[in-house]
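> Please see the structure below; I have some questions.
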Amino acid sequence: MAGRRGAGAAVAAWWCAVGLLLGACLAGQTSEYRRRLGSAVDMPLDADVFRAPPGHNAPQQVHITQGNHDGTAMIISWVTTSEPGSSTVLYGTAKDNLNFSANGKHTQYTFYNYTSGYIHHCTVKNLEFDRKYYYAVGIGQTVRKFWFRTPPKSGPDVPYTFGLIGDLGQSFDSNITLAHYESNSKAQAVLFVGDLSYADNYPYHDNVRWDTWARFVERNVAYQPWIWTAGNHEIDFAPELGETKPFKPYSYRYPTPYKDSGSTAPYWYSVKRASAYIIVLASYSSYGKYTPQYKWLEAEFPKVNRSETPWLIVLMHAPWYNSYNYHYMEGETMRVMYEPWFVKYKVDLVFAGHVHAYERTHRISNVAYNIVNGLCTPVHDQSAPVYITIGDGGNQEGLATNMTAPQPAYSAFREPSFGHAILDIKNRTHAYYAWHRNQDGSAMAADSMCHPILAADGRLLRQFPVIDIHTDDSWCCGYST
Ligand SMILES: [Fe+2]
């Protein structure tokens, strides 16, 4: 190990020398690309992507999410509109032999003058790892069939590919983003960083737009799990309408396996998936000291076994580091509370949304400040995560085009365009990450990211990202201990 570190240090020195020569090492870049504006308009109610499936009481809005902590369960959800119908799911590993069944429940809610359909949730359990399962819903009436694949059993070198989508909405651009993501067929699950339907932008929070959104995304989320994060557009707090229960439509429609990670609310929880440990935080639930979320996260970080799941990823909605002039510093109070833990436990990646643009930071932290010392500037810190804002799904509110200038030193790359990202984990030390801008269909920003590796004595060794030159967005490089 010592020999490898020695060689790594030499590699680091060489690359940084190259970087200094090029004047590019740790420099930030503001993309000069400017996307045309003005098309972020919601699709009309009669758009084909919103069409309900044919047949009496046919299940619609089918979606799945991971159903327990280790990935051997799946929560399957759907809506029926004429009558409750069956909450049973038939499933199996052969397309024509769905020899297992699970019984779910249905529920219903009202929101001002809206009454939902019959919302079914059914958890299928005791699934085998890394198997394709076929499933059917609408049993006894109009049956619809789908399939999904369970993740491989967790292990340090288990490869897995995640998609990253945020702030999607239901505009024409949202449809382009989803289609673009679908064209990246390697991705096996979506880490969704919040703000789903934007129904609350409509008069009376018209919950019909929750239904249209769910019909729109069914073509993907019925086949691969989306790991949900709650955004501000999920709050739906409208006392002027008599609606005072925060997250009411969201929580009726999008369950999470929070109890399996010891959480006491569906908005913060964790799951393991292949070599990744994913912690979902709630930007719009209490997170101050002594709150349930604080106490849960405090207990959660020490539970992460990096020998089993070396990749530690955190999802939240409001970004901590954001150099756009939109939602500036809205994540600051949570950062102050939790950032020391992120550094202590060497979180690899933090994905957030909320700002409708793309941005990636260097590995930076800002944990030295103590009121009297004035140390409040983010510094490069190899124990700190990379922060990525990926709130560029394409919703009707449009792009965040206005940025702080000059670009802060912590910001590595930023561009206001719609898109999504792919995180392609290869093994415990390498992952390939790419942001895909909608317009041209190619990877705009591709990065190769290294990871803490374990020394023989169990210590975590922190690696710098390995350099991976791309014309638009790359970062610096090497090994360290
Ligand atoms: Fe948001």
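The values are calculated or read from the model by the stated rules, or taken from the named source; none is laboratory data. Only a predicted model underlies this, so the values are computations on that prediction, with no experimental measurement involved. Quick reminder, even Gly has a Cβ in these numbers, built from the backbone with ideal geometry, and neighbours come from all protein chains shown. To get the accessible areas, we keep the full protein, side chains included, count just its heavy atoms, and leave off ligands, DNA and RNA. Shrake-Rupley method; radii C 1.70, N 1.55, O 1.52, S 1.80 Å.
> Be a star and scan the stretch 50-78 for residues whose amide nitrogen sits under 15 Å from the point 7 Å along the Cα-to-Cβ vector of Tyr223.
Of the residues in the stretch 50-78, 62-64 have backbone N under 15 Å from the label point off Tyr223.
> What three numbers, in Å, describe the spread of the alpha carbons of the stretch 193-303 along their principal axes, ordered from the longest?
45, 35, 17
> Taking the Cβ-Cβ separation of Thr93 and Ala409 as r and a Förster radius of 45 Å, what is the calculated FRET efficiency to the nearest 0.05?
0.30
> Principal axes first, then extents: for the Cα atoms of the stretch 95-174, list largest minus smallest coordinate on each axis, whole Å, largest first.
51, 37, 21
> Another question, if that's okay. Taking θ = phi - 60°, what integer Hz values does the Karplus form 6.51 cos²θ - 1.76 cosθ + 1.60 yield along the stretch 195-208, in sequence order, with x for Gly and Pro?
6, 8, 9, 6, 4, 6, 7, 8, x, 6, 6, 2, 6, 4
> Enumerate the amide H contacts of Ser171 below 5 Å, restricted to partners 5 or more residues apart or on another chain; note that Pro and chain-start residues carry no placed amide H.
Met43, Gln396
> A further question on this structure: List, in order, the whole-Hz ³J(HN,Hα) value for each residue of the stretch 212-224 obtained from phi through the Karplus relation with A = 6.51, B = -1.76, C = 1.60 and θ = phi - 60°; use x for Gly and Pro.
5, 4, 5, 6, 4, 8, 3, 4, 10, 6, 6, 10, 9
> Points 7 angstrom from Cα along the Cβ direction at Arg51 and Lys295: gap in nanometres?
Modelled inter-label distance: 5.2 nm.
> If you count, for each residue, the other Cβ atoms within 10 Å and average over each peptide, how do 104-117, 151-164, 407-420 line up from highest to lowest?
Taking the mean over residues of other Cβ atoms within 10 Å, the ranking is 407-420, 151-164, 104-117.
> Can you spot the aspartates and glutamates whose alpha carbon is less than 18 Å from Lys344's alpha carbon? Ignore those fewer than 8 places along the same chain.
Answer for Lys344, where 18 Å is the Cα cut-off: Glu298, Glu300, Asp381, listed by chain and number.
> What ³J(HN,Hα) values, in whole Hz, does the Karplus curve 6.51 cos²θ - 1.76 cosθ + 1.60 give for the stretch 286-300 when θ = phi - 60°, with x put for Gly and Pro?
Going residue by residue, I get 4, 9, x, 4, 6, 6, x, 5, 4, 5, 5, 5, 4, 7, 6 Hz, with x marking Gly and Pro.
> Compute the FRET efficiency between Phe172 and Lys426 as 1/(1 + (r/R0)^6), taking r as their Cβ-Cβ distance and R0 = 35 Å, and round to the nearest 0.05.
So, using R0 = 35 Å, E works out to roughly 0.50.
> Counting only heavy atoms of the protein chains, get the accessible area per residue of the stretch 217-328 (1.4 Å probe) and round it to a whole Å² value.
Using a 1.4 Å probe on heavy atoms only, each residue of the stretch 217-328 averages 32 Å².
> Excluding same-chain residues fewer than 8 positions from Lys105, which lysines have a Cα within less than 16 Å of its Cα?
Lys125
> Kindly give the semi-axes, whole Å and largest first, of the ellipsoid equivalent to the stretch 226-271, taking each as the square root of 5 times a Cα gyration tensor eigenvalue.
23, 10, 8
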